[in-house]
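The values are calculated or read from the model by the stated rules, or taken from the named source; none is laboratory data. Computed from a predicted model, the values in this text were never measured in an experiment. Here the Cβ is made from the backbone with ideal geometry for all residues, glycine too, and neighbour counts use every protein chain on show. Surface areas here come from the heavy atoms of the whole protein model, side chains and all, with no ligands, DNA or RNA. Shrake-Rupley method; radii C 1.70, N 1.55, O 1.52, S 1.80 Å.
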Amino acid sequence: MKRELAELFRDRLAAAGGLAELAASHDEALSLIRHWSGDRPVLVDDHPDLKGLEVAGARPADPWDAEVGITGVLGAAADTGTLALGPAPGRPRGTAVLPGTHLAVVPLSRLYADYAELIAALGRLDPMPSGMQLVTGPSRSGDIESAMIQGMHGPRAVRVAVYPDA
């Protein structure tokens, strides 16, 4: 059942312009993140799901200089390819939206069948984050002459490694 949810998430994120890969383990998910980030300047959230992640890129003093942002998630919705992020100490909102590329890891235990299930799970969080970001693929805006532009107010690329957890 969870494998089918992961495949649905991958397909729906792809339809929104993102990319998801199904990893066989947490270590493999971190390896994908390491590969995708390369040696570019990177912001990495202090998130338990990222424990053990070593990246080659420098961590810039100014977050605006980062090319890659790496986050964990509060949850994800398979039917829309949506990631739910919540700020916390060591996990600023900017990690997912300032760099041109947003990379994330999603454990299967936090992958929900649909958006409504995700929202219900987020509503049960205690404590509730001070704010949440719901991300479905690269940013898009049609504000200028109604022309759709990708990456206008956030990342131009979103890649997600989905992995089985205990």
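Counting only protein heavy atoms and a 1.4 Å probe, tell me what percentage of the chain's accessible area is made up of carbon and sulfur.
53
Please give the per residue volume of the convex hull enclosing the alpha carbon atoms of the chain, rounded to a whole number of Å³.
Value for the chain: 116 Å³ per residue.
Could you tally the net charge around THR101, taking each other residue with its Cβ under 12 Å from the Cβ of THR101, Lys/Arg +1 and Asp/Glu -1?
Its environment carries a net charge of +2.
Whole number in Å², please: accessible area per residue of the chain, 1.4 Å probe, ligands, DNA and RNA not counted.
50
Counting only the heavy atoms of the protein chains, how much of ASP11 is accessible to a 1.4 Å probe, in Å² to the nearest 10?
80
Suppose accessible area is computed on protein heavy atoms with a 1.4 Å probe; arrange ILE119, ILE70 from highest to lowest.
Final ranking, largest accessible area leading: ILE119, ILE70.
Have a look at SER31, SER109, SER130 and tell me which one the Gaussian network model of the chain (Cα, springs below 10 Å) gives the largest fluctuation.
SER130
Go through segment 54-64 residue by residue and turn each phi into a ³J(HN,Hα) via Karplus (6.51, -1.76, 1.60, θ = phi - 60°); whole Hz please, and just put x for glycine and proline.
3J(HN,Hα) across segment 54-64, in whole Hz: 10, 10, 7, x, 5, 9, x, 5, 9, x, 5.
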